[in-house]
Amino acid sequence: MPKVIDVSVNWQKQMGGKKVLVPTPLLVDDLMRKVPKRKLITTGQIRKQLAKKFKADSTCPMTLGIFLRISAETAEEDLLNGKNMSRARSRERITPYWRVVKDDVSLNPKFPGGAEAQSKRLRQEGHSIAASKGKKPPKVKDFDKALV
């Protein structure tokens with residue numbers, strides 16, 4: 001069950017407000033499943049949408065990150081077990097976690113296969129990926145046209 005908690009003054013800046021949503025894995029996964037093909041969503045957009053739905057100031061970034069990764073790893077397991085990537089009904093297909101990018105539109109190296117695997121899937125959907133600079137992960141080019 002999701003919870004909205006009041007955080008202490010010491011944590012309000014880091015958490016993004018006084019009332020913070022602690023989501024459930026299913027809430028995060030359901031939102032990820034709604035991102036259509038050739039579209040992207042940032043972690044910040046996910047946090048804002050969930051917070052708004054539950055009348056909170058923000059969504060816990062740490063919990064969200066954990067649940068994004070769990071959804072991504074579950075999707076890869078489902079794919080290995082024969083679940084389809086493109087079935088019409090959302091619960092019959094894997095979660096398109098590769099459509100979730102960081103707020104600076106960089107790829108997530110913590111997703112299965114790292115930024116390289118995410119980049120491959122995004123390219124298959126028609127996105128262009130800029131080369132990484134140094135240790136920073138690559139970013140999606142022309143992302144503003146693709147955001148939901």
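Read-outs throughout are calculated quantities, based only on the coordinates presented, and are distinct from any laboratory measurement. The model shown is predicted, which means the values in this text are computed figures rather than measured ones. Because the Cβ atoms are built from the backbone with ideal geometry, glycine has one as well, and the counts that use them run over all protein chains shown.
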Top-ranked residue of region 125-147 - restricted to ones that are under 18 Å from residue 36 (Cβ atoms) and touching a Ser or Thr at 6+ places or on another chain (Cβ under 9 Å), ranked as surrounded by the fewest Cβ atoms within 10 Å (Cβ to Cβ): 142
Matching residues, region 127-145, being in a loop (DSSP other than H, G, I, E, B) and in contact with a helix residue (DSSP H, G or I) (Cβ under 9 Å, 6 or more places away or on another chain): 127, 128, 132, 137, 138
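Are any residues in region 2-23 part of a strand (DSSP E or B) and either over 16 Å from residue 50 (Cβ atoms) or under 21 Å from the mean Cα position of the chain (by Cα) (or both), and if so, which ones? Steps first, answer last, please.
Our first condition is that a residue be part of a strand (DSSP E or B); within region 2-23, this holds for 3-6, 19-22.
Correct list: 3, 4, 6, 20, 21, 22.
Can you confirm whether residue 71 is assigned to a helix (DSSP H, G or I), surrounded by 14 or more Cβ atoms within 10 Å (Cβ to Cβ) and among the polar types (S, T, N, Q)?
Numbers: assigned to a helix (DSSP H, G or I): yes; surrounded by 14 or more Cβ atoms within 10 Å (Cβ to Cβ): yes; among the polar types (S, T, N, Q): yes.
The answer is yes for residue 71.
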Criterion first (assigned to a loop (DSSP other than H, G, I, E, B), closer than 19 Å to residue 101 by Cβ and among the charged types (D, E, K, R)) does residue 55 satisfy it? no
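Checking the structure you have, find out if any residue of region 2-16 is within 24 Å of residue 147 (Cβ to Cβ) and surrounded by 15 or more Cβ atoms within 10 Å (Cβ to Cβ). Full working, then the answer.
Taking region 2-16 and keeping what is within 24 Å of residue 147 (Cβ to Cβ), we get 15-16.
Of the ones still in play, those that are also surrounded by 15 or more Cβ atoms within 10 Å (Cβ to Cβ) are 15-16.
Yes - at least one qualifying residue is present in region 2-16.
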Only residues that are among the charged types (D, E, K, R) and either within 15 Å of residue 143 (Cα to Cα) or in contact (Cβ under 8 Å) with a residue 24 or more places away in the chain (or both): list them for region 96-120, please. 99, 102, 103, 104, 110
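Look at residue 105 and say whether it is surrounded by 14 or more Cβ atoms within 10 Å (Cβ to Cβ) and within 12 Å of the chain's Cα centre (by Cα). Working first, answer last.
Working: surrounded by 14 or more Cβ atoms within 10 Å (Cβ to Cβ): yes; within 12 Å of the chain's Cα centre (by Cα): yes.
In short, yes.
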For region 38-87, give me each residue that is in contact with a helix residue (DSSP H, G or I) (Cβ under 8 Å, 6 or more places away or on another chain), over 24 Å from residue 18 (Cβ atoms) and in contact (Cβ under 8 Å) with a residue 60 or more places away in the chain. 39, 40, 41
